[in-house]
Amino acid sequence: MGSHGATHASSLAVGDEVEVDVTTIAHGGHCIARHEGQVLFVRHALPGERVLARVTETGAGERFVRADAVAVLSASPDRVTPPCPWSGPGRCGGCDLQHVSLPRQRQLKADVVREQFSRLARLDVDVTVEPVPGDDGGLDWRTRVEFAVGDDGRAGLRRHRSHEVVAVDHCRIAAPGIDRLRVTSRSWPGADAVDAVAPSVGEPVAVTVPGDEVPLVRERVVVGASGEREFTLSARGFWQVHPGAAQTFVDAVLEAAAPRAGERALDLYAGVGLFASALAQAVGPTGQVIAIESDAVACGHARDNLADHAQVAVLAARVDDAFGVARPSRRGSSSQRGSRPRKPSRSTLVPASADVVVLDPPRTGAGKGVCAEIAAMAPRAVVYVACDPAALARDTAYLADLGYRLDMLRAFDAFPMTHHVECVARFTRTG
Ligand SMILES: C[S@@+](CC[C@H](N)C(=O)[O-])C[C@H]1O[C@@H](n2cnc3c(N)ncnc32)[C@H](O)[C@@H]1O
């Protein structure tokens, strides 16, 4: 019972402590427990455990509360001593699963993927979370770390769901190149953040935010039969953070899409052209690749990175704008108050049909309108790279309504120790 006295279902308050049985994992790095009809999202716990949970936050309408497991009364056999001393209740918020053995982390992520597909797409999926080749025990992998800088000029990492900066000595999941920058033992007066990047080619760099000119970095990947290629990008631009991830996803996308010579392929949310380069090499000079990316700087780098492929066109636009899809209305916007959202005109660079569509959207996913436009192009294969299984499952339901069936699903542990998981899904036309 609560050391702070409040124990009734609707009255759990921040600071209350209750003993609970932890049932399942949920999307977001916490587990589910119940107390007198109220749901608790408990971090630092494992399914099957009995823990003392301390409430850290109350949710809207008191339907759920957030809590930390501050004592483990009955431990799961999958519980391990966290390799990082900065993880745990009230400490650094960067990792969610340091207290879980690596094989169990992957099983739990598979459970989350299955649950999202069951709930949002009404599909039973069979999925195993595969390690990214080269991953060494889930530590020392993160090639990009955004350190926060406190008022005292010292860099650290943020506490979970807080702006508070935790003064870690070094991040245990960061790549050795990041550690060499010694960001947390230096002073960064005037900076809000320090972006540390350890690229696969060249020296690691630390970029202050706000700061001066952002340097370029280079990454190397083997792209299909064309062998090793280098990609240049801004040190603050998007690149996969696990050193084995870009390679793993290029291989998985190529295998799933199986692009053929002469085909037309789209690479949506293209970044600096990683998948477009693989598609270009596969469709060859008689084929065509249209890469769409909203970030103008990334588009400039994509054009340079793909300059030897005349069959590639890079379109600097939001994917929804390029397809002529009205943007989803924002809370409180005029569209919500009755007027229709503005519908942009479709870009003339977007073709009416395509053989293959690859998409790798941010966490929000593609959405209904973009899925409809993809289906209208009648591609023989849609390959969806997803960093949020919930958005992927939601878009899977949209694609199913549009005649595209999920026929392949892989999942990768590209973010060990955290709750994140990356999926690669293929959809083909039914009937
Ligand atoms: C997950 S990254 C994928 C990048 C690339 N496929 C890769 O693997 O390197 C998503 C990309 O989508 C871009 N982006 C975000 N929202 C977008 C939108 N609405 N339309 C087009 N691109 C968008 C981001 O700038 C980012 O480069």
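The values are calculated or read from the model by the stated rules, or taken from the named source; none is laboratory data. Just so it is clear, the model here is predicted, and its values are computed rather than measured. Cβ: placed from backbone, ideal geometry, glycine included. Neighbour counts: every protein chain shown. Quick note on the areas: whole protein, heavy atoms, side chains included, nothing else; ligands and nucleic acids left out. Shrake-Rupley method; radii C 1.70, N 1.55, O 1.52, S 1.80 Å.
Computed quantities for the displayed model
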| item | result |
| --- | --- |
| Using alpha-carbon coordinates, inclination of helix 389-401 to the longest axis of the chain, degrees | 50 degrees |
| Per residue value of the accessible surface for segment 9-74 (all protein chains in place, 1.4 Å probe), Å² | 40 Å² |
| Relative contact order, percent, the chain [alpha-carbon distance under 8 Å, six or more residues apart] | 12 percent |
| Total charge dipole magnitude, the chain, about the Cα centre, Cβ charges on Lys, Arg, Asp, Glu only, Debye to nearest 20 | 1160 debye |
| Length-normalised contact order for segment 215-258 - Cα pairs under 8 Å, 6+ apart - percent | 35 percent |
| C-alpha long axis of helix 102-121 to longest principal axis of the chain, angle in ° | 70 degrees |
| Values of log10 I(q)/I(0), in the order q = 0.17, 0.19, 0.20, 0.25 Å⁻¹, for segment 9-74 under a Debye, Cα-only, solvent-free model | -0.45, -0.57, -0.64, -1.02 |
| Degrees separating the helix 245-257 axis from the principal Cα axis of the chain, which is the longest one | 50 degrees |
| Expected 222 nm ellipticity per residue - DSSP helices of 4 or more, -39500 (n - 2.57), all of the chain, to 500 | -6000 deg cm²/dmol |
| Where segment 366-415 is the region considered: accessible area per residue in Å², 1.4 Å probe | 28 Å² |
| Electrostatic dipole magnitude of segment 9-74 [Cβ: Lys, Arg +1; Asp, Glu -1; Cα centre; debye, to 20] | 180 debye |
| Carbon plus sulfur fraction of accessible area for segment 110-185, probe 1.4 Å, in percent | 45 percent |
| Net dipole in debye of segment 197-259 [+1 Lys, Arg Cβ; -1 Asp, Glu Cβ; about Cα centre; nearest 20] | 40 debye |
| For the chain, projected area of the alpha-carbon convex hull averaged over all directions, nm² | 22.6 nm² |
| Fraction of accessible area attributable to carbon and sulfur, segment 272-424 (%, probe 1.4 Å) | 51 percent |
| Residue-normalised accessible area of segment 182-247, given per residue in Å² at a 1.4 Å probe | 48 Å² |
| Fraction of accessible area attributable to carbon and sulfur, segment 9-74 (%, probe 1.4 Å) | 50 percent |
| Among 155-163, 104-112, the order from most to least packed when residues are scored by Cβ within 10 Å on average | 104-112, 155-163 |
| Label point distance in nm, Asp21-His163, each placed 7 Å from Cα along Cα→Cβ | 4.2 nm |
| Amide H contacts under 5 Å for Ala193, placed H, 5+ residues apart | Val149, Val209 |
| Gained length - Arg405 relative to Arg429, 0.36 nm times residue gap less alpha-carbon distance | 8.0 nm |
